[in-house]
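The values are calculated or read from the model by the stated rules, or taken from the named source; none is laboratory data. This structure is a prediction, so every number in the text was calculated from the model and none was measured. All Cβ positions, even for glycine, are placed from backbone atoms using ideal geometry, and neighbour counts span all protein chains on display.
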Amino acid sequence: MSVLTSLTLKGALDGLNAGDFTSVELTTAHIEAIEAARPLNAFILETPEHALSMAAASDARRALDLQGPLDGAPLGVKDLFCTKGVRTTACSNILGNFIPQYESTVTSQLWRDGAVMLGKLNLDQFAMGSSNETSAFGPVTNPWRSTSSNKPLTPGGSSGGSAAAVAADLCLGATATDTGGSIRQPAAFTGTVGIKPTYGRCSRWGVVAFASSLDQAGPIAKTVEDAAILLTSMCGHDPKDSTSLDVEVPDFSLYVGKSIKGLRIGIPKEYRVDNMPAEIEKLWADGIEWLKEAGCEIVEISLPHTKYALPAYYIVAPAEASSNLARYDGMRYGHRAQGANLTEIYENTRAEGFGDEVKRRIMIGTYVLSAGYYDAYYLKALKVRRRIAEDFDKAWERCDAILTPTAPSAAFGLGENSNDPIAMYLNDVFTVTTNLAGLPGLSLPAGLDANGLPLGLQIIGKPLDEGTVFSVAGAMEKAAGFNAKAARWW
Amino acid sequence: MAIDVATVRKVARLARIAEPEERLEALAQELNGIMTWIEQLAEVDTDGVEPLTSVVGAGAPLREDVVTMGGDAEMITFNAPKSIDGFFVVPKVVE
């Protein structure tokens, strides 16, 4: 069991192809690991029977030499992706026992390519949060612990379940989504690799909406190559999403291992923020050295509007959320509360169904869109958003990719930031700019801090240039030689 | 700017979220904290800048005007809190 679950996705696919083990054996090993890891609270719904039947079907396909690129690989699915016939909640009580009658495009592509679904993964409610603590199912606990304390740490958020499950070897990879950093910050906190592709690469159809102009799906994986393999399956044009890009999807794994000699890497001076731990500064400097050694040219760049990205995000995202979440009215699906009249039923339904952070964001969104404030807040934020996108356009004249830290700290203790919304929002200070500009961003583990906790570096690429991002990440992964794992305590 | 209790009450009503009267003061403080932090956007010169509504360059795609899916009442009402014979059952709307 331990051997099979410690494989990378690539290693497992090679083993399946070589006939070293079957998908049923591989899947069984993961099901046992999930059962043993319930204290982590990463999976909020385990679907072992479903998984074993998919695994058996995969073994049958392989016997006929009809296997797809992911055939037999057991994966976890963030509970924001609708899965046909399998409860999907966005970790909110308002969806209750929602059983989708359709499959999200992204997950349908994974199953098309032969992957096996192990179950649904915990997240911050409606993907609103940076610590997984807003989940109606309770927080996920990070498999990593500080060497100086046993206190439970956050795996980050919103894709905390996805990141923790991959880090703890409960699945070979997982789907995730990223609206302001929800793939990359959890990846950094758990020593895993996560990529948010260019906006429009992955279809949003069947993914519970948070902020539609920012939401993008992507994988969390054990290695850069695994992330590339998964992303290749997840991307592709979908007529059911009007913002889905009709562009060719390359085999991203072919970019991993390519030489990055001669590439120009931008280092944005504005990403040196106050109170950033010296260890993160040091790691960033290490990353720059690795890229120099690989033959890259390092270029200092300026992204002058960086500090305005989070405030702009906290207008744009809540505004879109207040509109998207208007659909939860208790009439067509989900929770319906009692009330004396229709308005009261709506109000009680939403008061009972939504968690505090979701209500807070809906209220902010409603406020900034309300009469008299629309121009001052919403329109202003959209203009600042263009300024931020223009910063990157200018930067691309001087560099081919950008290197930054992923998050301003290592994983923090559960409960530490939960009473201070702005402190929590600052987790996304380095990641949110790429959502606003629609750019691809990847986080990879690059080292450990003094407490033995993983730290991540982020690579930002030009629109649709995930290939270069993967090449740079592959070279950095090799140079970093990061192979630490969370010591098992669960 | 300052969001007062009356504003919170109004916004909660617009958002159709029941907030008990005794929560409004705390909510006003919370929202004020966030909005004050957001105020720094005023520092950015955005004169003559077009608002960025979409990072996807292309315009809205068109498709053939044909039925793609639908016509399945059982599927549509599957998750309804109340339904009868493929219809949603909702509270009385018109008195």
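Figures for the structure shown
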{"item": "The stretch A:275-325, subset assigned to a strand (DSSP E or B) and aliphatic (A, V, I, L, M), residue nearest to A:Gly180 (Cα to Cα)", "result": "A:Ile301"}
{"item": "Conditions (1) surrounded by 18 or more Cβ atoms within 10 Å (Cβ to Cβ); (2) in contact with a Gly (Cβ under 9 Å, 6 or more places away or on another chain); (3) more than 8 Å from chain B (Cβ to nearest Cβ); (4) of a type outside the set (Phe, Trp, Tyr); number of the one not met by A:Gly295", "result": "(1)"}
{"item": "Residue match in the stretch B:20-27 (condition: at the interface with chain A (Cβ under 9 Å from one of its Cβ atoms) and closer than 16 Å to A:Gly365 by Cα)", "result": "yes"}
{"item": "Count - residues of the stretch A:326-384 that are at the interface with chain B (Cβ under 7 Å from one of its Cβ atoms), in a loop (DSSP other than H, G, I, E, B) and among the charged types (D, E, K, R)", "result": "2"}
{"item": "Scope the stretch A:152-192; condition of a type in the set (Val, Ile, Thr) and touching a Gly at 6+ places or on another chain (Cβ under 9 Å); matching residues", "result": "A:Thr154, A:Val166, A:Thr175, A:Thr177, A:Ile183, A:Thr190, A:Thr192"}
{"item": "Residues of the stretch A:315-355 that turn out to be modelled with pLDDT under 95 and closer than 29 Å to A:Asp420 by Cα, as a count", "result": "0"}
{"item": "Which numbered condition B:Val93 fails, given (1) within 25 Å of the chain's Cα centre (by Cα); (2) surrounded by 10 or more Cβ atoms within 10 Å (Cβ to Cβ)", "result": "(2)"}
{"item": "Residue in the stretch A:388-398 that is part of a helix (DSSP H, G or I), buried (at least 20 other Cβ atoms within 10 Å of the Cβ), at pLDDT 95 or above and at the interface with chain B (Cβ under 10 Å from one of its Cβ atoms) present", "result": "yes"}
{"item": "Flag for B:Val5 being more than 7 Å from chain A (Cβ to nearest Cβ) and in contact with an Asp or Glu (Cβ under 8 Å, 6 or more places away or on another chain)", "result": "yes"}
{"item": "Tally of residues being facing another protein chain (nearest Cβ under 7 Å) and either surrounded by fewer than 11 Cβ atoms within 10 Å (Cβ to Cβ) or out of contact with any Asp or Glu (no Cβ under 9 Å at 6 or more places or on another chain) (or both) across the stretch B:34-51", "result": "9"}
{"item": "A:Pro239 vs. criteria in a loop (DSSP other than H, G, I, E, B) and of a type outside the set (A, V, I, L, M)", "result": "yes"}
{"item": "Residue within the stretch B:28-47 that is hydroxyl-bearing (Ser, Thr, Tyr), within 19 Å of A:Pro311 (Cα to Cα) and without any contact (Cβ under 8 Å) to a residue 24 or more places away in the chain present", "result": "yes"}
{"item": "Long-range neighbours under 6 Å by Cβ, at least six apart or interchain, first residue within 17 Å of A:Ala56 (Cβ to Cβ) within the stretch A:1-27, second charged (D, E, K, R) and at pLDDT 95 or above", "result": "A:Thr22/A:Asp59; A:Ser23/A:Asp59; A:Val24/A:Asp59"}
{"item": "Search result, residues across the stretch B:49-75 that are closer than 25 Å to A:Asp215 by Cα, of a type in the set (A, V, I, L, M) and modelled with pLDDT of 90 or more", "result": "B:Val49, B:Leu52"}
{"item": "Condition broken by A:Asn427, with the remaining ones in (1) over 17 Å from the mean Cα position of the chain (by Cα); (2) more than 8 Å from every other protein chain (Cβ to nearest Cβ); (3) of a type outside the set (Ser, Thr, Tyr); (4) not in a loop (DSSP other than H, G, I, E, B) satisfied", "result": "(1)"}
{"item": "Those residues of the stretch A:153-175 which are in contact with a strand residue (DSSP E or B) (Cβ under 9 Å, 6 or more places away or on another chain), over 13 Å from A:Arg488 (Cα atoms) and not in a helix (DSSP H, G or I), in sequence order", "result": "A:Leu153, A:Thr154, A:Ser158, A:Ser159, A:Cys171, A:Leu172, A:Gly173, A:Ala174, A:Thr175"}
{"item": "Exclusive hit being out of contact with any strand residue (DSSP E or B) (no Cβ under 7 Å at 6 or more places or on another chain), under 27 Å from A:Ser253 (Cβ atoms) and modelled with pLDDT of 95 or more, set A:Glu49, A:Glu32, A:Glu25", "result": "A:Glu25"}
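Conditions (1) crowded, with 20+ Cβ neighbours inside 10 Å; (2) without any contact (Cβ under 8 Å) to a residue 24 or more places away in the chain; (3) under 14 Å from the mean Cα position of the chain (by Cα), marked per residue:
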site	(1), (2), (3)
A:Cys202	yes, no, yes
A:Lys222	yes, no, yes
A:Ile229	yes, no, no
A:Met234	yes, no, yes
A:Lys240	no, no, no
A:Val249	no, no, no
A:Met276	no, no, no
A:Ile280	yes, no, no
